[in-house]
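The values are calculated or read from the model by the stated rules, or taken from the named source; none is laboratory data. The model shown is predicted, which means the values in this text are computed figures rather than measured ones. Quick reminder, even Gly has a Cβ in these numbers, built from the backbone with ideal geometry, and neighbours come from all protein chains shown. Each accessible area value is taken on the protein alone, full model and side chains, heavy atoms only, with ligands, DNA and RNA left out. Shrake-Rupley method; radii C 1.70, N 1.55, O 1.52, S 1.80 Å.
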Amino acid sequence: MTDNIPEKAVMDERVVAAIETDLILEAIFRSSGYDFRGYSAVHARRRIAGVVAKLNLRSASELQHAALRDSKILNAIIRAFSVPLTEMFRDADAFRAFRDSVVQVLATWPSITVWHAGCSTGEEAYSVAIVLR
């Protein structure tokens, strides 16, 4: 019955990695509610590979098996995907454009309120405050 399956499709590591990644992300979502399925494949594979290496596992499939049975391992994966990336003026071009285009308009207003989404530890919010000052 397996004569109809192309050998390359079964053997190609990229295909296996893509399937493993999809399965782990689906397992995380179904077991925890955290939805990382929209992450880029490259980013997801890098995060998964990091957890596999840290836990001395042999494969992403082994990680998936372990995560479905051990909440500590599941939490380790979630933490790996939730790494906060932040720094002052992280996207210099965006801050330049903000300063050159938006701040001039805001300066004509009597007051403003700023809400900054996706800010992990505050550096981006401080960056905006510095530019506005």
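If a residue must be among the basic types (Lys, Arg) and either open to solvent by less than 60 Å² (accessible area, probe 1.4 Å) or farther than 20 Å from residue 88 by Cβ (or both), how many such residues does the stretch 121-133 contain? Step through it out loud before you land on a result.
The initial filter retains those residues of the stretch 121-133 that are among the basic types (Lys, Arg), namely 133.
Subsequent filtering for residues that are either open to solvent by less than 60 Å² (accessible area, probe 1.4 Å) or farther than 20 Å from residue 88 by Cβ (or both) retains none.
Residues flagged as among the basic types (Lys, Arg) and either open to solvent by less than 60 Å² (accessible area, probe 1.4 Å) or farther than 20 Å from residue 88 by Cβ (or both) within the stretch 121-133 amount to 0.
Looking only at the stretch 67-100, count every residue that is among the hydrophobic types (A, V, I, L, M, F, W, C), exposed (fewer than 11 other Cβ atoms within 10 Å of the Cβ) and farther than 13 Å from residue 47 by Cα and tell me the total. Spell out the reasoning first.
Quick first cut of the stretch 67-100, residues among the hydrophobic types (A, V, I, L, M, F, W, C) only: 67-68, 73-74, 76-78, 80-81, 83, 85, 88-89, 92, 94-95, 97-98.
Applying the additional criterion that residues be exposed (fewer than 11 other Cβ atoms within 10 Å of the Cβ) yields 83, 85, 92.
Add one more test, that the residue is farther than 13 Å from residue 47 by Cα, and what stays is 85, 92.
The number of residues fulfilling the criteria is 2.
When the stretch 44-56 is filtered for residues that are of a type in the set (A, V, I, L, M, F, W, C), within 20 Å of residue 13 (Cβ to Cβ) and either touching a helix residue (DSSP H, G or I) at 6+ places or on another chain (Cβ under 8 Å) or not in a helix (DSSP H, G or I) (or both), the ones remaining, listed by number, are 44, 48, 49, 51, 52.
Here's the yes/no breakdown for (1) in a loop (DSSP other than H, G, I, E, B); (2) at pLDDT below 95; (3) of a type in the set (D, E, K, R); (4) on the phi > 0 side of the Ramachandran plot:
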{"residue": "39", "(1), (2), (3), (4)": "yes, yes, no, no"}
{"residue": "42", "(1), (2), (3), (4)": "no, yes, no, no"}
{"residue": "58", "(1), (2), (3), (4)": "yes, yes, yes, no"}
{"residue": "61", "(1), (2), (3), (4)": "no, yes, no, no"}
{"residue": "94", "(1), (2), (3), (4)": "no, yes, no, no"}
{"residue": "97", "(1), (2), (3), (4)": "no, yes, no, no"}
{"residue": "104", "(1), (2), (3), (4)": "no, yes, no, no"}
{"residue": "111", "(1), (2), (3), (4)": "yes, yes, no, no"}
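Here the stretch 1-30 is the region considered, the condition is being open to solvent by 90 Å² or more (accessible area, probe 1.4 Å), at pLDDT below 80 and in a helix (DSSP H, G or I), and the residue that is nearest to residue 43 (Cα to Cα) is 11. For the stretch 27-49, the tally of residues that are more than 17 Å from residue 16 (Cα to Cα) and either over 11 Å from the mean Cα position of the chain (by Cα) or among the aromatic types (Phe, Trp, Tyr) (or both) stands at 9. Taking every residue in the stretch 104-120 that is over 15 Å from residue 94 (Cβ atoms) and pairing it with any residue that is of a type in the set (Gly, Ala, Ser), at least 6 positions away or on another chain, yields no pair with a Cβ-Cβ distance below 6 Å.
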